[in-house]
Amino acid sequence: MSMYEGVIQDLIDELGRLPGVGPKSAQRLAFHILDAESSDMERLAQAILTVKNKVAFCPVCFNITEQELCFICADPKREDDKICVVEESKDVMAIERTRTFKGKYHVLGGAINPLGGVGPEQLHVRELITRLSDDKVQEVILAMDPNLEGEATSTYLARLMSTLEIKVSRLASGLPVGGDLEYADEVTLGRAFEGRLTISG
């Protein structure tokens with residue numbers, strides 16, 4: 001049952017739809033917005049509108065970008081023979097912080113989760129396979145989150161690529177199971193990257 005009326009409750013409801021924001025947090029944020037300087041909140045609102053208008057997905061790898069291509073796809077110094085497959089753009093940034101990987105990326109846009117209604121057709125799998133038809137690619141590194149959905153996605157992709165003449169590897173242990181790549185520290189993630197294991201190819 002709504003405790004407040006009108007626009008305040010509308011704001012609480014909208015804030016409550018954000019990930020990780022429960023009813024109490026949504027209420028606290030709503031009253032912070034109400035009490036804050038108008039100029040500060042206008043800047044926040046403008047930043048939200050700007051990011052929705054200016055940020056898109058790279059047509060090659062589906063990383064977020066403000067340009068035609070993302071900064072990694074556009075960089076001629078990046079190695080074309082390795083593609084690291086991740087679930088989300090935030091995972092690209094996590095791996096980039098390790099300064100270990102010099103290849104390119106492919107962002108799936110999520111992980112296979114049958115209970116959540118997410119199958120391979122909802123992800124950028126077809127586009128990945130299209131990229132692999134280019135003879136340049138020698139290795140695909142699967143860097144899914146170490147949880148059930150990530151495991152299911154890695155297994156599916158490895159099976160899909162088993163007929164290709166491409167080395168398929170995955171991140172080595174060292175990443176905590178049930179965690180997110182985003183929260184792994186640079187040393188752990190860097191070691192996992194350098195110790196990756198070949199699945200096929």
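Among the candidates I72, I95, I83, I112, single out the residue that is under 30 Å from K167 (Cβ atoms) and in contact with a Ser or Thr (Cβ under 8 Å, 6 or more places away or on another chain). Before the answer, list the steps.
Values: I72 fails: in contact with a Ser or Thr (Cβ under 8 Å, 6 or more places away or on another chain); I95 fails: in contact with a Ser or Thr (Cβ under 8 Å, 6 or more places away or on another chain); I83 fails: in contact with a Ser or Thr (Cβ under 8 Å, 6 or more places away or on another chain).
None of the others qualify; the one that does is I112.
Would you check which residues across the range 135-155 are surrounded by fewer than 16 Cβ atoms within 10 Å (Cβ to Cβ) and among the hydroxyl-bearing types (S, T, Y) and list them?
T155
Is there a residue being assigned by TED's automatic domain parsing to the domain that holds E87, charged (D, E, K, R) and assigned to a helix (DSSP H, G or I) anywhere in the range 187-200?
yes
Output the helices (runs of 4 or more DSSP H) that fall wholly within the range 16-122 and possess 1 or more residues being of a type in the set (F, W, Y) and more than 20 Å from T153 (Cβ to Cβ), or say none. If you could, list the steps in order and put the result at the bottom.
Working: elements: 23-35, 38-54, 89-98.
Per the criteria, 23-35.
Exactly one of (1) loosely packed, with under 14 Cβ neighbours inside 10 Å; (2) in contact with a helix residue (DSSP H, G or I) (Cβ under 6 Å, 6 or more places away or on another chain); (3) among the hydrophobic types (A, V, I, L, M, F, W, C) is unmet by I33. Its number?
Only one criterion is unmet by I33, namely (1).
Go over the candidates A158, A172 one by one and state the one that is touching a residue at least 12 places away in the same chain (Cβ under 8 Å), crowded, with 17+ Cβ neighbours inside 10 Å and in contact with a Leu (Cβ under 8 Å, 6 or more places away or on another chain). Working first, answer last.
On the way: A172 fails: crowded, with 17+ Cβ neighbours inside 10 Å.
Testing whether each residue is touching a residue at least 12 places away in the same chain (Cβ under 8 Å), crowded, with 17+ Cβ neighbours inside 10 Å and in contact with a Leu (Cβ under 8 Å, 6 or more places away or on another chain) leaves just A158.
What is the residue count in the range 57-70 for residues that are surrounded by fewer than 14 Cβ atoms within 10 Å (Cβ to Cβ) and either farther than 26 Å from D180 by Cα or not acidic (D, E) (or both)?
Taking the range 57-70 as the starting set, the residues that turn out to be surrounded by fewer than 14 Cβ atoms within 10 Å (Cβ to Cβ) are 59, 66-68.
This time we only want the ones that are either farther than 26 Å from D180 by Cα or not acidic (D, E) (or both), so: 59, 67-68.
The qualifying residues number 3.
For (1) under 30 Å from R126 (Cβ atoms); (2) under 18 Å from the mean Cα position of the chain (by Cα), each residue gets a yes or a no:
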| residue | (1), (2) |
| --- | --- |
| E5 | no, no |
| R28 | no, no |
| H32 | no, no |
| N53 | yes, no |
| F62 | yes, yes |
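For residues in the range 66-87 being of a type outside the set (A, V, I, L, M, F, W, C) and without any contact (Cβ under 8 Å) to a residue 40 or more places away in the chain, which is nearest to I129 (Cα to Cα)?
Taking the range 66-87 first, the residues of a type outside the set (A, V, I, L, M, F, W, C) are 66-68, 75-82, 87.
Still in the list and also without any contact (Cβ under 8 Å) to a residue 40 or more places away in the chain: 66-68, 75-79.
Numbers: E66: 25, Q67: 24, E68: 22, D75: 22, P76: 22, K77: 23, R78: 20, E79: 18 Å.
Selected residue: E79.
Could you check the range 91-112 and list, in sequence order, the residues that are over 17 Å from V60 (Cα atoms), in contact with a Leu (Cβ under 8 Å, 6 or more places away or on another chain) and not polar (S, T, N, Q)?
The answer is A94, I95, R97, A111, I112.
The values are calculated or read from the model by the stated rules, or taken from the named source; none is laboratory data. Keep in mind that this is a model prediction, so the values were computed, not measured. Backbone-built Cβ (ideal geometry, glycine too); neighbour counts: all protein chains shown.
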